[in-house]
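First the structure, in the form of C-alpha cells, and then the observations on it.
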There are 4 protein chains.
Amino acid sequence: MIVVMKTTATEGQVLAVQKRIREIGFKDHLSRGAERTIIGVLGGVYAELQDEFAVLDGVDTVVRISKPFKLASREVKEENTVVNVGPVGIGDGRLVVIAGPCSVDTEENVMETAHAVKAAGAHMLRGGAFKPRTSPYAFRGHGEKGLEILARARAETGLPVVTEVVDARDVELVARFADVLQIGSRNMQNFALLEEAGKAHKPVLLKRGMWATVEQWLLAAEYILSEGNPDVILCERGIVSHETGTRFTFDINAIPLVKRLSHLPIIGDPSHATGKWYLVEPVAIAAVGAGADGLIIEVHPDPDHALSDGAQSLTPENFSKLMARVRAMSLTVGKPLHPPLVRE
Amino acid sequence: MIVVMKTTATEGQVLAVQKRIREIGFKDHLSRGAERTIIGVLGGVYAELQDEFAVLDGVDTVVRISKPFKLASREVKEENTVVNVGPVGIGDGRLVVIAGPCSVDTEENVMETAHAVKAAGAHMLRGGAFKPRTSPYAFRGHGEKGLEILARARAETGLPVVTEVVDARDVELVARFADVLQIGSRNMQNFALLEEAGKAHKPVLLKRGMWATVEQWLLAAEYILSEGNPDVILCERGIVSHETGTRFTFDINAIPLVKRLSHLPIIGDPSHATGKWYLVEPVAIAAVGAGADGLIIEVHPDPDHALSDGAQSLTPENFSKLMARVRAMSLTVGKPLHPPLVRE
Amino acid sequence: MIVVMKTTATEGQVLAVQKRIREIGFKDHLSRGAERTIIGVLGGVYAELQDEFAVLDGVDTVVRISKPFKLASREVKEENTVVNVGPVGIGDGRLVVIAGPCSVDTEENVMETAHAVKAAGAHMLRGGAFKPRTSPYAFRGHGEKGLEILARARAETGLPVVTEVVDARDVELVARFADVLQIGSRNMQNFALLEEAGKAHKPVLLKRGMWATVEQWLLAAEYILSEGNPDVILCERGIVSHETGTRFTFDINAIPLVKRLSHLPIIGDPSHATGKWYLVEPVAIAAVGAGADGLIIEVHPDPDHALSDGAQSLTPENFSKLMARVRAMSLTVGKPLHPPLVRE
Amino acid sequence: MIVVMKTTATEGQVLAVQKRIREIGFKDHLSRGAERTIIGVLGGVYAELQDEFAVLDGVDTVVRISKPFKLASREVKEENTVVNVGPVGIGDGRLVVIAGPCSVDTEENVMETAHAVKAAGAHMLRGGAFKPRTSPYAFRGHGEKGLEILARARAETGLPVVTEVVDARDVELVARFADVLQIGSRNMQNFALLEEAGKAHKPVLLKRGMWATVEQWLLAAEYILSEGNPDVILCERGIVSHETGTRFTFDINAIPLVKRLSHLPIIGDPSHATGKWYLVEPVAIAAVGAGADGLIIEVHPDPDHALSDGAQSLTPENFSKLMARVRAMSLTVGKPLHPPLVRE
C-alpha cells in the first residue's frame, strides 16, 4: 500500500501517518519527491485498511498494490488448481459439464433427468434440495428428502452430485450426501457459511454474488481456502445491471480476468445468467470460448412443470444439442470434454 | 397475474395455459379481444411464477399485478407500523437516531461513544460484535465479549442496543443481549437467518441488499413477518452502481417508494452509503427530508484508530453538529425527534 | 500520476517508463524503496494517460493523484461560482426553482403553466422545444415555434427561460431565445455540442449522463469552461441502476461530492430521476437538504394530457404545495429561496 | 398495450381511460373480469405512452405488448439483413473482422497497421479521425487530415474504411471518405446525428450506449432505419456496471438476444469492452461463440505509443494469433470467415 500525501501536508501529518503504520504492526518507507511525500506501507494489507488511511489528515490518496487475496492468488500459486470429484479433475485442462434440475422435485423427474444428462455426456448431476427463494411463498426444496433422492440418482447413474447448502448448520448434513457443496450467489458473503464450507472435507462450488466485483469474489474464496479447504470451484452466474431484457448480465470478461488473477478453476452458469432457455446455448458456448473450465446447466424433463426456474431450463433434447456444440467447441479451444463416466 | 397470448397463439396453446393455471390450484379468467386473447390468473402469485408462464408456447408476455409481498404491503395494512424499543416508537411520527461505533473495540471507546451520542441526543446505541468483513484477514469483531460490552454500555446509559447477527446459530445469543437484531446488507437474502430472526422476540433492523430492488427487499421483510415477528425496521444503506467516487449509491428514491408500498418504518444509513465522513451529514439531512423515520450513524471517538470503517465515522463533535441540524430539520418536516432518553 | 513498478521490474523497464514520460513532455521523479521502485509523473495528466502507462512492461499500477479536471475544480477556484440569469444568481447562497412543462405543447398550456409557477414562486421557466426521445415515433417538440412560445411566456411573466438544445447546429438559434441552454443527459458526452455551448454567450445547464461518474461529468463541464464559457450549472437527474421501481436512481451522494470537488453550482431534477409524480416532492426536499442550489421541476396544467412525461409532472396545485415545503426547508438549511420575480 | 385498472376503479375512471385512448387516435377494447377491468389499446404505441397512462386515476398497471421498434424488429422482417460493404456482406452467414488503430496518428503507423491486419486476414480497416474523448485535454483526432490518411490506406490495401462521426455537421464530410460511418457509444442517443446518418448513403455501425438497454439500442437503430437507411450494423461494446476490474462489462447475453429480436447484423468490440489487451482475445472468441457476425479490434504497431487506448490495443503479432483462433472458431460455429480481400 502507498500513502500519497497532499502537496500541502505538514511534517506533523507525515509523522502521524508513519506512527499509525507502526501501531498496526506494519513497516513504513518514506520517499520525498519534488512535490509530494509518499509513504510505502509494508505488511499484510487488507481491503478496509485503504479507506482507514485515506481519511487521515494530510493524506491525498491511498493505493493498494498487493492484491488483498493471497491463497486465491496466482502470484502465490502459479499452477492451476485441479479439484478432483470422483474421476473428474475440474480445471485439469478438460471441460466438465454439470447438469440437472434447478430443484429436486419428484424422484421420477430427477432419475429421468440424471439418465438423460448422463446419456448426453454430462459428468455431474446438479439439483437443489435446499433452495433460496426471493419469496417466502415459493417452493423452497424438499430438504433431506431431496438429498436422498439425489443420492439414489448418483447410485443409479454414477454421476457425482452438486447441491446447494444455504445454512451453516446444514453443511455437515449436505456434505454427507453431496460430492460438491454449492454456495449460491446470495450467500457469497455469508461468511459463517463460507467458514463452515472451509472446514468441510468436500469441494465447494462458489457462485459469484450478483453484486460482487471479481476481487470481492476471490476474497470470498479466500475465506474457504484460509480455513484449510483448497478445493474451490468458482462459478460466474451473472451480475445485476440496468439491462431488463435478461435476468442478469453474464460477465464474460470475468472468466479470463479470474484466470489471470487466480489459479482456481472457473465454470459458467448460463441458465441463471440469462433466465431464458433460448439464450442458454449461445452463452454456454461463449463461456467455453472465453476459457471456462466447465458449465453448469439447468435441465428438466418438463420445464413447463418445473417447481422452479422452468423458464431457463433446457429439455433433455435441447441439452443434447448443446452438448454436441460444446463438444465441437471443446476441441477448437483445446480443452476437450472429460470422457463420459463409465460405471465401475 | 395476466397472461397475454401472442396474436398467433393457437386454441391448443390457450387451453394448455388454462390447464397449467388450474394444475397449480389457481383460477383462470379468459378474455378474447379483437387481436389477442388474455388470461387472468387468480390466486397467490409469487415472483417466480411469472417467468414460468412466460415460456409456455404461445405466450407473449406475463404481467404481475398484485405485489408479491403481502404482510409487508400497505394494501394489506394501511396504518404505519410502529416498532417499540423501550420508550422509543420507531415509525410513530417522530425521528429516531441510532449511533455508535462500527465495531465494538475497547470498553473504554464504547462507553465514551455511548455517553457522547446520548449527550448529543441519540436514542439508541449501535455497535458490531459480529462483523461481516470482505476479507478473512480483517477484524471480525469480539463476539460475545463485544455483546457484553454493549450490555454494560446500555446499563450505564440506558440506551437500547442495536447489533448485527450474521449467523442463524447466533440469533438466540445476540437476542439475549440486543434490543434490536440487525441483519446486514450481505445477509438480506440469507433466508435461514431471516427465518430465525422471524422467530426471535426482538425487533429486526433489516438493511437493504446492495444489489436488491425495493421489491426484493420487501420480500426479505416478508420472510421475517411471515414467521410471526411483526417488528421489522427497514434501513436503506446504498446500492451498487457504476459511480466510483463514493462507496455505494444511497437510493434516496427508495425512501418515499417504500413509504408508499409498505407500512413498515424505514431509516437511512448515510455512513455506509457514502463511505466518507464528510458526506454523512448532507445525506443524513436528505434522508430525513425524503421522509425517513430515523437515521443510523457511525460515531467513533477516534476514527483514525477505529478497528473498522474509520473513514466513514464521525467524531462525537461532528455528530453533535449533525444532531443540531437533524433537530432543525425534524421540525421542518413535521417529524420531531424523539425526546432524549431519561434514565429511570 | 505515480507509476508503481512491479517488484520484479528490471532496470531496463524502469528506464523505458522514464523515457516514455519524457517523450510526452512530462517530468519524472524516481524513488527506490526497499521492495519497489516508484516513478512520479509531473505534468498535465489526463484520464486516458493512466491506462496507457498501466500496460507498459514491468508496471504494476498507475495512480492518478491530481484530478483530471482543472477549470471545474475547487482546487483551482475555491470560491463558489455564481451564474447570473437576469436578477437571479444561481449558486449565490439562495435557492432557485425552475419549473414548467417537459415539452412545449400549446401556447395556452405554456402560458397557464408559466403564470401558475410564477405565482407559486418559481424563478425561471423550463420547457422543451427540441426533445430527445427514445423512440423516433414519439413527439419531438415544436422546434423554433416552441422557442417563440417560450419567448412570449417570458415576455408576459418576466420568467427567464431554460430550454434544451440537442444539436450543435441549433446552439445559435436556441441561444437567441433562451436565457439558459440546457444540455440533456443523453448529450453529456456529445462533445461537439459541449464545444458550441462553450462558445455561446449564455449560461449552460449541464445534466449528468445517466451512465456518468461525477468525474466524467465534471470533465464534460470542463469542455464548456475550456471554451471560455464560465457559466455552467450542473444538474443531477438520476443514474441507471438495477432498481426497476423508479425510472432512474437519484444520486443524492453526488450533490455534496460535487460541492467538495467543484465550485460550480448544482441543482436537482427529481422529476426525471424518479419518473413518478408522487416521488417528486420528497426527493426535491432531500436534494435541498443535501445542499443543492436549486431545483428543476416538471409542472403541467393537465399532466394526463401532456405530450411527454406526464407521469412525472406535477399539477400547479401540487407544485404550489411543494414550494411551500421548499420554502420551509430553505430556511432550515440556511439557503433561503430567491425572492419572487417582480416585473420591471 | 394493455391498461389494467385497479380493483377499486370506478366506472368514471374506466371511461376516462377509454376517452384518452380515443383522443390520441387509438382504439380501445374493454374486457371485464371477475375482479378487474382490462382495456386493450390498439395503435402504434411508443415507449413513453406507457408511463403516461400509468398515472391516470384508477389505473393499476400498464403493459406494453408490441415492441416499440418496428423496422428493426424481426417480427416485421424475418430474414437477416445483410449489409454490403464492397465485397463483404456483413450478416450473410460469414464472419467479418474489422481492425486498426483507435486513433489515426501518423500515416506510417496507419499504413503499417493496414498492411498488417490485411495480411492477418482482416476485411476492413478501422481508425478514428474524430475522437470523442472524456477530457478536453486529450488528443481528439486529426479530423479531415486523418480521413485522408485512411483513404490512402484504403487505396493501398483495398480495405474498406470504418470511421467514427461525432457531429451531425460532419456526416457529409465523413461519408465522402468512409465506407462505413461509425456512431460511438456516447452518441447512441444523439438523435440529430442518428437522423443525419439515416439520410446518408453509407452503412452505419451503431455502437450500444454504455447505459442503454437492448430495447433502447434497437430504438436508436430505428431512428436510422426510419430515415430510409436500411444498412445498420449493431456493435456490442460493453455497458457500465459495478465491476471495476475491467473498463466495461461486455454484455454477451445481448448478442443472442438481439439476434432473436432483430434482423440486423451484430458484431462485438472486445477492445473497448474490456480495456485490457490481454482480455481481448478470449472475449472476441466468446462473442463469436455467442453468434456475433463479426468483430472490431484495436490493433496498433506500437501500443505503448498509441495516441489513445494503447492499453487495449493488440500488436499485429497478437492480432495475427487472434485471427488464427477466430478462424478455427468460425468453422466450429458454422460461420466461416469471409475470404481475405484480393485487390482487383
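Where a number appears in this text, it was derived from the coordinates with a stated rule and is not lab data. The shown structure was predicted, so the numbers you read here are calculated from the model rather than taken from an experiment. As a convention, Cβ positions derive from the backbone with ideal geometry for all residues, glycine included, and neighbour counts pool all protein chains shown.
For chain C, what is the calculated [θ] at 222 nm in deg cm²/dmol (nearest 500), taking -39500 (n - 2.57) for each run of four or more DSSP H residues and dividing by its residue count?
Using -39500 (n - 2.57) per qualifying helix, the result is -10500 deg cm²/dmol.
Could you list C:THR246, C:THR8, B:THR61 in order of exposure, starting from the residue whose Cβ has the fewest other Cβ atoms within 10 Å?
With the fewest neighbours first, C:THR246, C:THR8, B:THR61 line up as C:THR8, B:THR61, C:THR246.
Could you list the square roots of 5 times each eigenvalue of the Cα gyration tensor of segment A:194-344, that is, the equivalent ellipsoid semi-axes, sorted largest first and rounded to whole Å?
Values for segment A:194-344, descending: 25, 19, 17 Å.
Which FRET efficiency value, to the nearest 0.05, is calculated for D:PHE26 and B:LEU331 with the Förster distance at 51 angstrom and r the Cβ-Cβ distance?
My answer for the efficiency is 0.55.
Give me the one-decimal nm value for the distance between modelled label points at C:GLU227 and B:ASN84, 7 Å along each residue's Cα-to-Cβ direction.
Roughly 6.4 nm, to one decimal.
From other protein chains only, count the Cβ atoms within 10 Å of every residue's Cβ in B:4-16, then give the mean.
1
According to the square roots a ≥ b ≥ c of the eigenvalues of the Cα gyration tensor, what is the shape class of segment A:186-266, taking rounded for a/c under 1.5, prolate for a/b larger than b/c otherwise, and oblate for the remainder?
It is prolate, given that a/c is not under 1.5 and a/b is the larger ratio.
Report the label-to-label distance for D:THR315 and B:GLU156 in nanometres (one decimal), using points 7 Å from each Cα along the Cα→Cβ vector.
6.5
In whole Å, how far is the Cα centre of segment A:10-40 from that of segment C:1-70?
21
Taking other Cβ within 10 Å of each residue's Cβ, how do C:SER135, C:SER271 sort, fewest first?
Neighbour counts put them in this order, fewest first: C:SER135, C:SER271.
Compute, for segment C:69-121, the length of the dipole vector about the Cα centre, with Cβ point charges of +1 (Lys, Arg) and -1 (Asp, Glu) only. Units Debye, rounded to 20.
Using Cβ point charges on Lys, Arg, Asp and Glu, segment C:69-121 gives about 320 debye.
Measure nothing but the geometry: give the 0 to 90° angle between the long axis through the Cα atoms of B:144-157 and the longest principal axis through the Cα atoms of chain B, rounded to 10°.
Once rounded, one gets 70 degrees.
Rg and Dmax of chain C over Cα atoms: what are they, in angstrom?
22.9, 76
Give the Kirkwood hydrodynamic radius (Å, one decimal) of segment D:37-133, defined as one over the mean of 1/r across all pairs of different Cα atoms.
Here the Kirkwood hydrodynamic radius works out to 18.3 Å.
Using Cβ contacts closer than 10 Å as the measure, can you line up C:ASP57, B:ASP51 from fewest to most?
Exposure proxy ranking, most exposed first: C:ASP57, B:ASP51.
From largest to smallest, what semi-axes in whole angstrom does segment B:106-257 give when each is the square root of 5 times an eigenvalue of its alpha carbon gyration tensor?
Working through the eigenvalues yields semi-axes of 25, 19, 16 Å.
Cβ under 13 Å from A:ARG20's Cβ, A:ARG20 left aside: what net charge do those residues give with Lys, Arg +1 and Asp, Glu -1?
The answer is -3.
Mind running the shape call on the protein assembly as shown? Use the C-alpha gyration tensor, a ≥ b ≥ c as the square roots of the eigenvalues: rounded below 1.5 for a/c, prolate if a/b tops b/c, oblate otherwise.
Since a/c stays below 1.5, the shape of the protein assembly as shown is classed as rounded.
Determine how many Å³ per residue the convex hull of the Cα atoms of segment D:27-94 encloses.
Convex hull volume per residue, Cα atoms: 132 Å³.
Within the set of other residues whose C-beta is less than 9 Å from the C-beta of C:PRO265, count the net charge using Lys and Arg as +1 and Asp and Glu as -1.
So the surrounding residues net to -2.
Would you mind getting the Kirkwood hydrodynamic radius of segment B:230-303 from its Cα pairs, rounded to one decimal in Å?
12.6
Using a 10 Å cut-off around each Cβ of peptide B:155-167, what is the average number of partner chain Cβ atoms that fall inside?
The mean count of partner-chain Cβ atoms within 10 Å per residue comes to 1.
Identify, among D:GLY100, D:MET323, D:VAL59, the residue whose Cα sits farthest towards the positive end of the charge dipole of chain D, taking +1 on the Cβ of Lys and Arg and -1 on the Cβ of Asp and Glu, with the dipole about the Cα centre.
The Cα lying farthest towards the positive end belongs to D:VAL59.
May I ask for the distance between the Cα centers of segment D:209-265 and segment D:83-103, given as a whole number of Å?
Taking the Cα centre of segment D:83-103 as reference, the centre of segment D:209-265 is 17 Å away.
Give me the dipole magnitude in Debye, nearest 20, for the protein assembly as shown about the Cα centre, with unit charges on the beta carbon: positive for Lys and Arg, negative for Asp and Glu.
0
Taking the Cα centre of chain C as origin and charging only Cβ (+1 Lys, Arg; -1 Asp, Glu), how large is the dipole, in debye to the nearest 20?
640
Once you have all Cα-Cα distances for segment C:95-135, histogram them in 10 Å bins from zero and send the whole-percent values.
31, 48, 19, 2
Summarise the partner chain shielding of C:183-195 as one whole number: the mean count of Cβ atoms from other chains within 10 Å of each residue's Cβ.
Whole-number average of other-chain Cβ neighbours for C:183-195 is 6.
Distance check, please: which entries in A:LYS335/D:LYS276; B:LYS67/B:LYS202; A:LYS276/B:LYS19; B:LYS207/B:LYS259; B:LYS118/B:LYS202 exceed 19 angstrom between their Cα atoms?
As for pairs spanning more than 19 Å Cα to Cα, those are A:LYS335/D:LYS276; B:LYS67/B:LYS202; A:LYS276/B:LYS19; B:LYS118/B:LYS202.
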